[in-house]
1. Test Thr12 against the criterion of being without any contact (Cβ under 8 Å) to a residue 40 or more places away in the chain, over 27 Å from Pro142 (Cβ atoms) and not small (Gly, Ala, Ser), and give yes or no.
2. For Leu97, indicate whether it is over 30 Å from Lys11 (Cα atoms), of a type in the set (A, V, I, L, M, F, W, C), out of contact with any Asp or Glu (no Cβ under 8 Å at 6 or more places or on another chain) and in contact (Cβ under 8 Å) with a residue 40 or more places away in the chain.
3. If Pro177 meets every condition in (1) within 23 Å of Ala123 (Cβ to Cβ); (2) open to solvent by 20 Å² or more (accessible area, probe 1.4 Å) apart from one, which number is that one?
4. Of these, Arg131, Arg152, which one is within 12 Å of ligand 2 (Cβ to nearest atom) and under 23 Å from Ser197 (Cβ atoms)?
5. For the range 104-130, give me each residue that is farther than 21 Å from Met186 by Cβ and basic (Lys, Arg).
6. With the checklist (1) touching a residue at least 40 places away in the same chain (Cβ under 8 Å); (2) closer than 24 Å to Asn204 by Cα; (3) in contact with a Ser or Thr (Cβ under 9 Å, 6 or more places away or on another chain) in hand, flag the one item Arg5 doesn't pass.
7. All but one of (1) over 30 Å from Ser146 (Cβ atoms); (2) touching a helix residue (DSSP H, G or I) at 6+ places or on another chain (Cβ under 7 Å) hold for Ala38; which doesn't?
8. Count, please, the residues in the range 27-43 that happen to be within 16 Å of ligand 1 (Cβ to nearest atom), open to solvent by 50 Å² or more (accessible area, probe 1.4 Å) and in contact with a strand residue (DSSP E or B) (Cβ under 9 Å, 6 or more places away or on another chain).
Amino acid sequence: SDVLRLEAISKTYGKGGPAPVAVLDGLDLTVARGEVVALVAPSGAGKSTLLHIAGLLDTPDGGRVLVNGRDMTGLPDRARTEARRRELGFVYQFHHLLPEFSAAENIVLPQLAEGVAPRAAGARAAELLDRVGLSHRAHHRPAQLSGGEQQRVAFCRALANQPALLLADEPTGNLDPATSDRVFDMLMSLVRDTGLSALIATHNHQLAGRMDRVIRLGAAG
Ligand code: ADP
Ligand code: ADP
């Protein structure tokens, strides 16, 4: 079964104006359960647009978005927000951790928002931090962590509520090449160990080659 299914997605910016930009035109894309798919696209090809549509942050002009078989097209904003919180995890190029909270707290907070009891949320945060080798950094704030450590915490936060699908946009793009490789390895083992499905955008062809399948957007790829 497919965790994510995009069917005939089209998106045009500036519709009806003097200079419409057709970014996506009849795009089909699926991510099967347990599959890790790379999204490789030259700048401007519509990668962010696609991730926003898949992440239920934006709606397409045409086509359907199905998450776990459920058609999200035309659902009211509130239902899409709920589905996003419950079923999707996000990682970006920059960590977007809350600066005034510790690493552990950053992983606990989204769980509390979903109604998880504080004790269980803390245990889950500790377990995730242990998996990425950061138990000794649990009580440090983001500014006290290295770039690689910050991204590892961001991965833990994305997985905190056990999403069905991880959407990642250049998750190691802000790190130097050696750190990027190590941190990417950790993300991959985290994803594999939990049987998570993922759609991961990257410019790095070597990293893309290590995923189950590569989808190319736009001409050059
Ligand atoms: P990528 O992430 O691959 O660089 P984007 O999805 O951000 O590409 O954008 C694809 C194209 O759509 C670009 O040409 C961009 O300028 C255009 N675009 C993106 N967002 C908007 C918007 N809100 N209004 C008008 N054009 C946009
Ligand atoms: P990494 O192995 O992720 O590249 P670094 O070599 O950059 O980590 O950092 C080594 C250690 O120094 C890390 O454990 C980190 O917590 C600590 N550290 C890095 N940057 C800072 C900082 N700005 N403030 C405090 N501690 C830091």
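1. So Thr12 does not fit the description; no.
2. Taking the combined requirement at face value, the residue satisfies it.
3. That leaves (1) as the condition not met.
4. Going through Arg131, Arg152 in turn, just one is within 12 Å of ligand 2 (Cβ to nearest atom) and under 23 Å from Ser197 (Cβ atoms): Arg152.
5. Answer for the range 104-130, where residues must be farther than 21 Å from Met186 by Cβ and basic (Lys, Arg): just Arg119.
6. (2)
7. (1)
8. Qualifying residue count for the region: 0.
The values are calculated or read from the model by the stated rules, or taken from the named source; none is laboratory data. Only a predicted model underlies this, so the values are computations on that prediction, with no experimental measurement involved. FYI the Cβ positions are ideal-geometry reconstructions off the backbone, even for glycines, and counts take in every protein chain you see. Ligands, DNA and RNA are excluded from the accessible area calculation, which covers all protein heavy atoms including side chains. Shrake-Rupley method; radii C 1.70, N 1.55, O 1.52, S 1.80 Å.
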